[in-house]
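Where a number appears in this text, it was derived from the coordinates with a stated rule and is not lab data. What you are looking at is a predicted structure, and each value in this text was computed from that prediction instead of being measured.
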Amino acid sequence: PGYVGVRRARIIYACGRRIRTSTLGPAHKRLSYALLRHATVAAGYADGLPRSLSGKGWARIGGVKAPILGRISMDLTVLDVTEAGTVAQVGESVAFFGEDLDALAVEAGTLPYELLTGIGPGVERVPG
């Protein structure tokens, strides 16, 4: 606030690497034996996704909320893309933080600023 033309950086984009349909059970934090469509995304805690969002955070694919399944690993995160339907395809952009930055900070038990400053050096910065 108060700075003309300055906008807050808010989104990490990652790419869906693999999409499968299977039954996931107790190994995942979101316990479910339902048939789920899940995507493996090329982003993890090395990129700035806090491990504290494992099993309780989410990303967006085409504007549709996709919950994080299980634990966030160093370079990969698995998302439940069942609700995203045909929007979730291999190569589709996945948005972390974005419009949900404040809510995700609460889930992670931290501040939005800390999420943003935790984005890894390997993540390309693109001015909007």
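Non-local amide H neighbours of L49 (under 5 Å, H modeled in plane, Pro and chain starts lacking H): which ones?
Hits under the 5 Å cutoff: G44.
Send over the Kirkwood Rh of the range 27-128, from the inverse of the averaged 1/r over different Cα pairs, rounded to one decimal Å.
On the way: mean 1/r = 0.0722 Å⁻¹.
It is 13.9 Å.
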